[in-house]
Amino acid sequence: MATTLQPATEQSAKQLINYRVDNGVAVIEMNDPPANTYTYEMNRQLDEAILKARMDNDVHVIVLTGAGDKFFSAGANIKMLASVDPTFKYYFCLHANETLLRLEQTPKLVIAALNGHTVGGGLEIAMAADLRIARKDAGKIGLPEVNLGVLPGTGGTQRLSRLVGKSKAIELMITGNTYSFEEALEFGIINDIYEREGFKENVMEYARQFCPPNKASKAVGRIKRAVQSGWEIPLESGLALERENQQLLFQSEDAKEGLAAYVEKRPAEFKAK
């Protein structure tokens, strides 16, 4: 018999994901403060926002963040998980994994703006982004699921090991410790740390550099896809994938503009075409 997920009744009418587009950047904000924990309903709304950004030709970069200034996300709502049967838990993790794979495979740059604590499933969401920028002294980061008697079940075991290596990932997960953003930067989990003042505005400024006319956003997206998809296949197949993406770019107006601008010694004006 097929199992269906039923969202929590008290959340079914709430807006748990805020979505807006600002000069080519889609901002997806998890909105259930203070901890921005996710439920089936939040995950469903997140999935819809990812699809919306993916299909919008005026969106070139996605910024994912949390509401408030205390948490990016504390991960799955533990009270919800404790109150449902194991079958629900299994399908909940399956659905969440599908959502994060969609985010990871979207051919647009995804930046996670870590505005506060990023733990458990919150870090699993962040690791599905392409880049992670943290707010200085804003919180802790880690995968402490072992302390609950479970493992990081929304891609944590797989994505963390790809970021920091197998041995270090095992160490970080079996200890269940949380770390400062400075330590996470050393581990290679995050890419950069920005000052607290004006954090989100500075992340948006960073994101806009990958939008036209500054960058050929299609090339940015194809670079992402070549890396994300090529990472999991043999080198020969990855090189073939790279050539396919390159051929598609050679046919674009932006490639023609970029090559012409180089020859003519002028700044390129990209149009995402």
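The values are calculated or read from the model by the stated rules, or taken from the named source; none is laboratory data. Just so it is clear, the structure is predicted and the values come from calculations on it, not from any experiment. Ideal geometry is used to build each Cβ from the backbone, glycine not excepted, and the neighbour counts take in all protein chains shown.
The helices (runs of 4 or more DSSP H) located wholly in region 217-273 that include 3 or more residues which are farther than 21 Å from LEU163 by Cα and more than 26 Å from the chain's Cα centre (by Cα) occupy 235-250, 253-263. Considering the conditions (1) closer than 30 Å to GLU145 by Cα; (2) surrounded by 12 or more Cβ atoms within 10 Å (Cβ to Cβ), LYS166 is excluded by exactly one of them, (2).
For TYR19, indicate whether it is at pLDDT below 95 and either of a type in the set (A, V, I, L, M, F, W, C) or touching a strand residue (DSSP E or B) at 6+ places or on another chain (Cβ under 8 Å) (or both). No: the conditions fail for TYR19. Being free of Cβ contacts under 8 Å to residues at least 12 places away in the same chain, assigned by TED's automatic domain parsing to the domain that holds CYS93 and closer than 20 Å to ASN115 by Cα is a property that does not hold for GLU171.
Residues in region 62-76 that are in contact (Cβ under 8 Å) with a residue 60 or more places away in the chain and either among the polar types (S, T, N, Q) or surrounded by fewer than 17 Cβ atoms within 10 Å (Cβ to Cβ) (or both): THR65, ASP69, LYS70.
If you scan region 177-205, which residues turn out to be crowded, with 17+ Cβ neighbours inside 10 Å and part of a loop (DSSP other than H, G, I, E, B)? If the condition is that a residue be crowded, with 17+ Cβ neighbours inside 10 Å and part of a loop (DSSP other than H, G, I, E, B), then THR178, ILE189, ILE190 are the ones that fit. In this structure, ILE193 does not qualify as out of contact with any Gly (no Cβ under 6 Å at 6 or more places or on another chain), at pLDDT 95 or above and assigned by TED's automatic domain parsing to the domain that holds ASP254. Among the candidates ASN147, ASN115, which residue alone is surrounded by fewer than 21 Cβ atoms within 10 Å (Cβ to Cβ) and either in contact with a Lys or Arg (Cβ under 7 Å, 6 or more places away or on another chain) or not charged (D, E, K, R) (or both)? The unique qualifying residue is ASN147. The one condition from (1) surrounded by fewer than 12 Cβ atoms within 10 Å (Cβ to Cβ); (2) of a type in the set (D, E, K, R); (3) out of contact with any helix residue (DSSP H, G or I) (no Cβ under 8 Å at 6 or more places or on another chain); (4) within 29 Å of GLY142 (Cβ to Cβ) that LYS224 does not meet is (1). The set of residues from region 227-238 being more than 18 Å from ARG102 (Cβ to Cβ) and surrounded by 13 or more Cβ atoms within 10 Å (Cβ to Cβ) comprises GLY230, GLY238. PRO7 meets each of the listed conditions (1) modelled with pLDDT under 95; (2) part of a loop (DSSP other than H, G, I, E, B); (3) more than 17 Å from THR99 (Cβ to Cβ) apart from (3).
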